[in-house]
1. If you bin the C-alpha pair distances of the range A:149-240 every 10 Å from 0, what whole percents do you get?
2. Please report Rg (one decimal) and Dmax (integer) in Å for the Cα set of the range B:63-120.
3. Check A:H244: other-chain or 5+ apart residues with amide H under 5 Å from its amide H, H built from backbone geometry?
4. What's the percent breakdown of Cα-Cα distances in chain C across 20 Å bins, shortest bin first?
5. With 10 Å bins from zero, work out the P(r) of the range C:187-307 over every alpha carbon pair and list the percent per bin.
6. Could you work out the helix-only [θ] at 222 nm for the protein assembly as shown, with each DSSP H run of four or more residues adding -39,500 (n - 2.57) and the total divided by the number of residues, to the nearest 500 deg cm²/dmol?
7. Over the range B:153-213, what is the relative contact order in whole percent, taking alpha-carbon pairs under 8 Å and six or more residues apart?
8. Report, largest value first, the span of the C-alpha coordinates of the range C:119-242 along each principal axis, in whole Å.
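All of the numbers you see were taken from the coordinates with simple rules; none came from a lab. Predicted model only: the values in this text are computed from it and were never measured. Here the Cβ positions follow ideal geometry from the backbone for every residue, glycine too, while neighbour counts run over all protein chains shown.
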Amino acid sequence: MKGKFLVGLSLVLLFSLILNTPYGIGAEKRLRVAFIYVGPVGDYGWSHAHELARQYLIKKLPWAEFLPPAEAVPESDVARFIDRFVREEKADVIFTTSFGYMDATIEAGKKYPDKIFFHCSGYRRDKNVGTYFAELYQIYYLNGLMAGALTKTNKVGYVAAHPIPEVVRHINAFALGVQEVNPKATVDVRWLFSWYDPSKARIAAESLISDGCDVLAFTEDSPTVVTVGEEYTKKGKPIYTFGHYSPMQKYGPNSCVSGQLVHWEVIYRDILEKIRNKVYTNTNLENVDYWWMLKEKAVELGGDFGVPINPKFVSTLKEKKVVDPIFGKISVYDLVMRRSAQMKANPEKFDPFTGPIKDQTGKVRIESGRRATHDELWSMDWFVPNVIAKIPK
Amino acid sequence: MTRRYSNSFLSILVIILGFLAVYLISGVRPDIILKSIVISAFGSVYGLSETLTKSIPLVLCGLGLSLSFKASIWNIGAEGQLLMGAVGATWVVLYLMPNAPRLILILAMFLMGAILGGIWALITAILKVKFNLNEIIVSLMMNYIAIEFVNYLVYGPWKSPYEWGFPYSTKFPLSAQLSRISDTRIHYPTLILAIILAISLYIVLNKTKLGYEIRVIGDNIEAARYAGLDIPKIVLVVLLLSGGLAGLAGVGEVAGIHHRLRVASGISPGYGYTAVIVAWLGRLNPLLIILVSFLFGGLLVGGDAIQVSLGLPGATINFVNGLILIFVLVQSVSKARISYVRKRKK
Amino acid sequence: MNAILEVLKATIPAGTPLLLGALGEIYVERSGILNLGVEGIMIMGAVSAFGVTAITGNVWLGVILSALIGGGMSLIHAFNSITLKANQTLSGLALTMLGLGLSGLIGKRYIGMPLPNKIYNLPILGLKDIPLLGPVLFDQDPIVYISYILAFVFWFFLFNTRFGLELRSVGESPDVADSAGIDVFRIQYLAVFIGGIMAGLGGAYLSVFYAPAWIEGMTAGMGWIVLAITIFSLWRPERAVVGSYLFGGIRVLQYKLQPFGISPNILNMLPFIFTILVLMLASKEISRKKISAPSSLGIPYFREKIT
C-alpha cells in the first residue's frame, strides 16, 4: 500500500520535473549504473550470470546508462574501484556483487551519502546501501528429490565451493530433498575452497565417484562436474548430475538431469525502476533486502532455460513412486512439479526448511511445524543428519 | 659503446612490441592506455592518495627483498611473509592482548608481524643453509602455504562468531586501527615507519660491517668464503630481516586498511610479487625503492582504472610488469656486460 | 582395492602436465640454463591451445600451436640468458609475469567457453586388460600415452646419443665442451627451446584435456612444482616420471582425505609441503651420492674470445 502510494507520488514528482526541464523527456538525466564483479565475466557462473542480466537491462532500460563493468576485482581492491566509479565515472548506482565486498560497500555508503549502493549476498545495510540475493535453496531441494530417486548406490555426492552459510544451506536443502525420497541415501561433500577451478572440481568429482557416489550436485562455476558425469555415463557407468547456475545440460545430455538457474535481471530491473521512480533513495534503504526465489521468478529449475527436467530422465522419474503424507502415492516427477508449484505460490505453500529438522548431532534446529527464519537460513553452520561430511572448522 | 646502444634499442623494442601485442589483442591504443594510467594514478589528489596507499606495502616488501637480493639470496617469498605479518597483527589484537592501551597494542602488532614474517623467511633460510635447497622454490612454496594458512584461520579457529559464519575474523577494536590522513586510506604510521626503515636500511647496507658482508656475499660468494665470513649466519640474518620487513607490510594492510583478517586474496593482490620488480627497478637501493614503489603504486592504481574506463582485463598490468622487468633486465645487462668486457681487457 | 585403483588412475592425468614440463626443464638445466619461466610458458601454452581449439575445433592444431608458442616464448629466455647473458633468475621471473599477464589478456574471451569436442580416453586394447595396472595406465587420453613415449625418448636421447652427451657436457663444463668443438650456444638454445615446447604442451594438456576449460591463472603454481620435480629427479627423465606421479597422487589424495576431518586448507598445503620435503630428500641424496647439479647451471657462459 505504502509502496504504491510512494510510486504514485514519485511519478507525479517525476512528471512535474520533466515538464519543468526545458528539453522535456529527452533531457532526463540517465541513471549511471556501475557493476563490480568478483570473477571474470566469462566464468560461466556467478559473474557471468550478473553480466547476462546487465546485458539484458542495457536493451530493456534505455533510461539508464550502464558503465563498463569492472571484472575480476579482488576483495582487497574493491574500495578503490568504488571510488573510481563515483569520482571519475560519476556513477549514481553501484552494484557490488560479491560477499567479500561487504565492508567496502558499507564504508563507501558512508563516504558517498548521496549515491546508492546495492550489495549482493551480504547482511549489512545502511540508509543508502541495500542488499539483494537470488536464493537457490528451493531449487536445490527439488534437485535433491530427483537425486534421491536416481541413486542406486544410495550415495549422493556434492562438490562444494567454500564452507560459507550460503553453500551449507544449499547442501542442506539438497540433502532434505534426497532424504524425503530416499531415507537410506547419504550425501557426501568435498570442499574446493574455490568458486571456479575446473581441475579441482574434476578431482573432487572423481574422488566422490570412486567412493561410490552415482549422483553429483555442485556449487562451482564451471560445467566440469557435468562433463565428468557425461564421461562416466558414456563409458557405461551412469552418473547423474545437476547443473549449477548456468545452462549446463548441453555439457552432459546423457548425465545432466536438471539444475539451478538464476535470473538476476528480475531483481536488477526491479531495483533500478524503483530508484528511477524515487521509491528507493539514498535515505531509505536501511531495510531493503531482496531475498528472491521461485515465486518472484528470480530462479528457475532446470539444466537449460525452459527445460525443468532433461526429457531423457522424465520416464525414470515418473516410474519411481514414493508415498507422501499429503499427496499419497506419487511419482517423483509429479512430486517435483507439485513442490515447485507450491513454492511458486504467493505466499509459498511449502518450504523445505520446515521443522522438525535436526542437525548431525541430533540436536533439534528447527522445531516441528516452524519454518526457518531468514536469519537462521542466512547464518546456517550445521548439516542435516544425512550429510556425512563435516563443515571445516 | 655500440653494444650499449643496441641494448637500449632492444629494450625499447621490447616495450614497443609489448604494447603492440596489447593493442592487437584488445584493440585499445597503447597511448590511451598510458594516458589513462598516468591520469588516474597521478592526475588528482584522490589518485595520488590511492597511489601512496598502494605504495606502502610495496616499499616495505621491496626493502625486504632488496636486502636479500643484495646478498644474492633469491627470496621470492615476500607475499607469504606479508601474510604472516597480517596473521601476527591479528593474533596480538584479537587473542594476545586485546585490552592493551593503543600505543602498546600498535607497537606489539608491528613487532609480532615482523617476528612472524621473519620466522616465515627464516624457514627458507634454514632450508637453504642446512639442506642447500633452492631458496626460490622454497620461498614460493612458503607463499602458497601461507595463503592456505590464512584461509585456514579465517574459515576455522579465527572465524568470527559475529559474522554469520562468513570467513572473517572479528573486526579490530578502534584502538588497533591505524590512523589515516583525513578521508584517504593512507595509514600514515606505516608510511612513516617504511620511510624510516628505508633510511636505516640504506645506512646499514652502506655504513656497517653487516652491510659490507652482505654486499661481499652478493658480489662474490667465493671471495666471501675466502675472507672467512660466516655465510650461513649472514644468510639467516638477512632472511630474518627481509621477512620481518614484509611482515610489517602485512600489519599495515590489516591494521590500516581492512581492520580484520580475511581470506588471503582479500589482503594482498600480489604485493609480494610486484615488490620483486620494485626492488630490482630500485637497483636494490632503499631510497630509490621508495620512489619506485610510488611509481608502481601508481601503476597498480592505473591498472584498475584501465579496467573501469577501457574495459581491459586486470591481468594487463601483470603483462606490463613483465615487460618492465625484461626492460630492466636488458638495461642492466648493457652495464654488466660492459664492465665484464673491461675486466677481460685488463 | 577398487578405490585405490581409481586413485591411481586419476593420478596419472593429474601428474601428466608436471611430467611434460619436467622432462623439458631437465634438458634445459642439463644444458646449464635455469628457466624459472616454466609457469608463464605453461599458462601461455594453456591459453593458446584452448583458443586455437575453440576457434578451429581441432584439438591437435591447438596442441601443436601451444608447443610452438611455448618454444617461441622460451626463446626470449634463451636470448636473455644465452646471448645477452642476463640474470637468468630475473629473466625467468619476467617470463612468468609476462605469461600470466598475456594469457589473461588473450584468454578473457575464452573464459567459460566450452570446447566443441572433448577428447575421451582411448583405452589400448590388449594392454588395458593387464590385471591391476592395465586400466590404470592404458585407459587414458592420447596425451598421456604420448607422455609415456616422450619420457622414454627423453631418457634415451639424454644417455644414449651424441646429442645427449653434448647436452650434458655443455651443462657440466661449457669451456671443455667448447674446446671439444661443440657449439655451446646452439645446444643451449635448442635445449631451452625443447623445454619451452614441453612446458607449452603441459599447459595445453591442462586446458584442453584435463580441465577442459580456460581459467585465468589455471596453472596455479604447477610451473614451480615442475622445477622442484626437476631437482627431485636429479635431472634424470626416468625419475621425473616417479616425481610427477607422486605430485599428481598428492593432488588426488587431498580429496580422498577430506572425509577424515582434516581441514581442507591444511590438505591444500600438502603439495607445497611435500615439494619442500622432496627437495630435502633429493638434497640428501645429492650429497650422499656426490651427484651435483649441472655445474654451470645458471651461470652464463662467456667464450674466452670476445669479439
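1. Result returned by the calculation: 18, 51, 29, 2.
2. Just the Cα atoms of the range B:63-120 yield Rg and Dmax of 13.3, 43 Å.
3. It is A:Q260, by chain and number.
4. 34, 57, 9, 0
5. Per 10 Å bin, starting at zero, the Cα-Cα P(r) for the range C:187-307 comes out as 10, 33, 34, 16, 5, 1, 0 percent.
6. Numbers: 38 runs with 614 residues, N = 1046.
Rounded to the nearest 500, it is -19500 deg cm²/dmol.
7. Numbers: 41 pairs, mean separation 8.8, N = 61.
Here the relative contact order equals 14 percent.
8. 52, 38, 23
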